[in-house]
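The values are calculated or read from the model by the stated rules, or taken from the named source; none is laboratory data. Owing to the predicted nature of the structure, the values given are computational and were not obtained by experimental measurement. Quick reminder, even Gly has a Cβ in these numbers, built from the backbone with ideal geometry, and neighbours come from all protein chains shown.
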């Protein structure tokens, strides 16, 4: 009997929601095993889910208060996710395969920065108390840090790391060497702009809709239009319709 209960517990954990879609605008799909589902508000998310937007945008809230917002024509994989309140064993591995993502680091990134990985084909991103965006396609990857700092590690076998801090943008240009794609050039610039200007630029890129702009203040707009504000200790507060880097 104890073994049977133990097996049930493992299965329950394996299929437990790791987060949910808080709001979706337009067309988006979730690939889960061999099935494909249309995304809807408050839809639960599981490990190994692949989320893909077409002419749509969405926002995901994970159990540790990490917020992920996807722009149009993006593909995002939840490769691994481990989090439970009052547990020191945490970690996540997300992959942006194409498109635009904005990330607000949650408790995992604050507790164990090295346990938080957002990867692409060419880089791995480690956050340090951070809000940042990633915009990638076959020809380039662009990282812009709004708050805090990220460390980019290149997947080229050369063990290179670059820090990008608030206000900076890193651009990686992708080329080919024979049949292999590789980073052929990278450069960093400082973007001097205030918060409102940055939000306007994101809207022009169709990354967010106007009613979801509150997330840029560390809050989440739920599908019922409640605004949920993340507090430093990881708890949330609901209110009803409230109105250059170092190269190592």
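Annotation: residue 170 fulfils all but one of (1) crowded, with 17+ Cβ neighbours inside 10 Å; (2) farther than 21 Å from residue 129 by Cα; (3) modelled with pLDDT of 90 or more; the unmet one is (2). In the range 73-108, the residue that is modelled with the lowest pLDDT out of those that are assigned to a loop (DSSP other than H, G, I, E, B) and touching a strand residue (DSSP E or B) at 6+ places or on another chain (Cβ under 9 Å) is 89.
Taken over the range 41-72, the criterion of being surrounded by fewer than 16 Cβ atoms within 10 Å (Cβ to Cβ) and either modelled with pLDDT of 95 or more or within 11 Å of residue 18 (Cα to Cα) (or both) is satisfied by 44, 48.
Note on the range 30-63: residues that are part of a strand (DSSP E or B), within 21 Å of residue 93 (Cβ to Cβ) and in contact with a strand residue (DSSP E or B) (Cβ under 7 Å, 6 or more places away or on another chain) total 13.
Looking only at the range 131-158, count every residue that is part of a strand (DSSP E or B) and more than 12 Å from residue 121 (Cα to Cα) and tell me the total. Quick ask: steps written out before the conclusion?
So the first thing to find is which residues in the range 131-158 are part of a strand (DSSP E or B), and the list is 131-136, 140-154.
Then keep just the ones that are more than 12 Å from residue 121 (Cα to Cα); that gives 131-135, 142-152.
Selection size over the range 131-158: 16.
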